[in-house]
Amino acid sequence: MERAAEDPGARASRAADPGATADPGAPAIPAVPDVFDPRVYAGGVPHARYRLMRDHHPVARQEEPEIDGWPAGPGFWAVTRHADVVRVLRDHTTYSSWLGATQIRDPDPADLPFLRRTMLNQDPPAHGRLRRLVARAFTPARVDAFGSRVRDRARTLLAEARAGAEDGAADLVTAVTDEYALLNLTDLLGVPASDRGLLLEWTVRVIGYQDPEDAPAPLLGPDGKPLDPRSPALLGEMFDYARALAAHKRTHPGEDVMTALALAELEPGELEMFFFLLTVAGNDTVRGAAPGGLLALARPPDAYRRLACGEVPTDRAVEELLRVHPPVLSFRRTAGVDTELAGAPIRAGDKVVVFHASANHDERVFADPHRLDLGRSPNPHVSFGDGPHVCLGAHFARLQLRTLYEEWRAAMPAPELAGEPRRLVSNFINGITRLPLRVSGPPA
């Protein structure tokens, strides 16, 4: 729903934008576009809307209407410029993860204490204690030890995609990237092979709930409204499994993350929420970024040529592909105090939502931001966040992405679309659910 140019958020945004003016003789300032509706993202990241907001309404009010049975909310402030996004992510005192959790829609108040068990929904210093405990389990050395296994898996999955291709094409999501992300994560966690399908089922249920095609039909509460898939009532199966797996690891330890967590000083509820966080976020980060990177490479042929011939290092190319296709679109904070951001009057209790894909395309930071420049440096994207909540699994995600692109370069033709990709219906995850690519032919 578009707002009139004279609403309070628009006036506040004009006050913060020296290019905007209230002069009655000046051109009308465009209305604030809708960047909340998940269905908008099925057509692609709305970069034109983001740019309009960065230029004219960098911190602007958004409505939260009821959509597909999901209840309406009170609205929120959308933050779209890079500097403001970084400011929000770094200032946990002003912009809290604990007060209202980190998803745009408000959780049921009865579920909020439960959601606060995970470090994603905590602020320092409590957040720091949990982060330090899991960081001991998620060390770069432990991650790097899986490097050869990750490479073998990328090589095998790509070869199988070529062998099973029909008319020289394959859906890379179902043939490669879903399995690649899931199996790498379950190796790291120490989940038995027989149980790995459960993790994908749980991830789809939690992440894809806004997409009627990607997720199962939502369970309905007594009022006929969909139940939040993050609520404890719908996570019992996952938590039962986490406790059983931890008990097994205590008697059968291995060189894996769940063994380290099972032996750490965690309360049972904290262990459950760590398993939830690692299962969902750890899987979907690469599950979204890997096909997104391949899709980006399929569009400007010269960009892939630079990668294929070794003109740009793979590590740098990974950062640029993450910039243009961040796995997460948005994260929410809640104002703990009255404040002001880019001229907008934020009140204590207001929801403040940062938009990562917009920040990554801010012309104030990135020259020619819509051009895929695999050699771009510096590249201060916020695809893994910033501040105290910067993604703990970023090292593992980068390892997987770098390896996949290197193995593609070694064995596959230049990425070329063989059909229309399909995007996840979500204002949270920047997902690709179908990606038909040509897989037959010599390496480029």
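For this structure, a couple of remarks:
- Scanning the range 184-193 for residues that are crowded, with 21+ Cβ neighbours inside 10 Å and assigned to a helix (DSSP H, G or I) gives Asn184, Leu185, Thr186, Leu188, Leu189.
- Selection from the range 131-167 of residues that are over 30 Å from His389 (Cα atoms) and either at pLDDT 95 or above or assigned to a helix (DSSP H, G or I) (or both): Asp152, Arg155, Thr156, Leu157, Leu158, Ala159, Glu160, Ala161, Arg162, Ala163
- Flag: Phe76 does not match the condition of being among the aromatic types (Phe, Trp, Tyr), over 21 Å from the mean Cα position of the chain (by Cα) and closer than 23 Å to His389 by Cα.
- Among the residues of the range 427-435, not a single one is open to solvent by 30 Å² or more (accessible area, probe 1.4 Å), among the polar types (S, T, N, Q) and under 15 Å from Leu322 (Cβ atoms).
- Of all residues in the range 144-190, those satisfying the criterion of being β-branched (Val, Ile, Thr) and touching a helix residue (DSSP H, G or I) at 6+ places or on another chain (Cβ under 8 Å) are Val150, Val173, Val176, Thr177, Thr186.
- Enumeration of residues in the range 210-235 that are modelled with pLDDT under 70, under 21 Å from Val425 (Cβ atoms) and open to solvent by 50 Å² or more (accessible area, probe 1.4 Å): Pro212, Pro216, Ala217, Pro218, Leu219, Leu220, Lys225, Leu227
- Of the listed requirements (1) over 27 Å from Gly288 (Cα atoms); (2) among the small types (Gly, Ala, Ser); (3) open to solvent by less than 70 Å² (accessible area, probe 1.4 Å), Ala110 misses just one: (3).
- Residue tally, condition within 23 Å of Pro380 (Cα to Cα) and not in a strand (DSSP E or B), over the range 95-120: 3
- Test set (1) modelled with pLDDT of 90 or more; (2) in a helix (DSSP H, G or I); (3) open to solvent by 20 Å² or more (accessible area, probe 1.4 Å); (4) not charged (D, E, K, R) - Pro124 fails condition number: (2)
- Those residues of the range 34-67 which are in a helix (DSSP H, G or I), in contact (Cβ under 8 Å) with a residue 60 or more places away in the chain and within 17 Å of Val353 (Cα to Cα), in sequence order: Pro38, Val40, Tyr41, His47, Tyr50, Arg51, Met53, Arg54
- Any hit, the range 349-367, residues being touching a helix residue (DSSP H, G or I) at 6+ places or on another chain (Cβ under 9 Å) and of a type in the set (Lys, Arg): yes
- The range 60-83, residues that are under 25 Å from Asp362 (Cα atoms) and in contact with a helix residue (DSSP H, G or I) (Cβ under 8 Å, 6 or more places away or on another chain): Ala60, Arg61, Trp77, Ala78, Val79, Thr80, Arg81, His82
- Within the range 194-208, residues that are in contact (Cβ under 8 Å) with a residue 40 or more places away in the chain have Cβ atoms under 6 Å from residues that are of a type in the set (A, V, I, L, M) and assigned to a helix (DSSP H, G or I) in these pairs: Leu200/Leu182; Trp202/Met238; Thr203/Val280; Val206/Val280, counting only partners at least 6 apart in sequence or on another chain.
- Residue in the range 289-311 that is in contact with a Leu (Cβ under 8 Å, 6 or more places away or on another chain), modelled with pLDDT under 85 and open to solvent by 60 Å² or more (accessible area, probe 1.4 Å) present: no
Residues checked against (1) open to solvent by less than 10 Å² (accessible area, probe 1.4 Å); (2) closer than 22 Å to Asn430 by Cα:
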{"site": "Arg371", "(1), (2)": "no, yes"}
{"site": "Leu374", "(1), (2)": "yes, yes"}
{"site": "Ser383", "(1), (2)": "yes, yes"}
{"site": "Leu392", "(1), (2)": "no, yes"}
{"site": "His395", "(1), (2)": "no, yes"}
{"site": "Arg398", "(1), (2)": "no, yes"}
{"site": "Arg402", "(1), (2)": "no, yes"}
{"site": "Glu407", "(1), (2)": "no, no"}
{"site": "Ala410", "(1), (2)": "no, no"}
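- Cβ-Cβ contacts under 9 Å between residues 6 or more apart (or on different chains), taken from a first residue in the range 393-413 that is modelled with pLDDT under 95 to a second residue that is among the acidic types (Asp, Glu), are listed as His395/Asp144.
- For beta carbons closer than 8 Å, sequence separation of 6+ or different chains, a first residue in the range 345-370 that is among the aliphatic types (A, V, I, L, M) and a second that is open to solvent by 50 Å² or more (accessible area, probe 1.4 Å) and outside any loop (DSSP other than H, G, I, E, B), the qualifying pairs are Ile346/Glu340; Val365/Ala83.
The values are calculated or read from the model by the stated rules, or taken from the named source; none is laboratory data. Keep in mind the model is a prediction, meaning the values are calculated, not measured. Backbone-built Cβ (ideal geometry, glycine too); neighbour counts: all protein chains shown. Remember, those area values only see protein heavy atoms, side chains included, never the ligands or the DNA or RNA. Shrake-Rupley method; radii C 1.70, N 1.55, O 1.52, S 1.80 Å.
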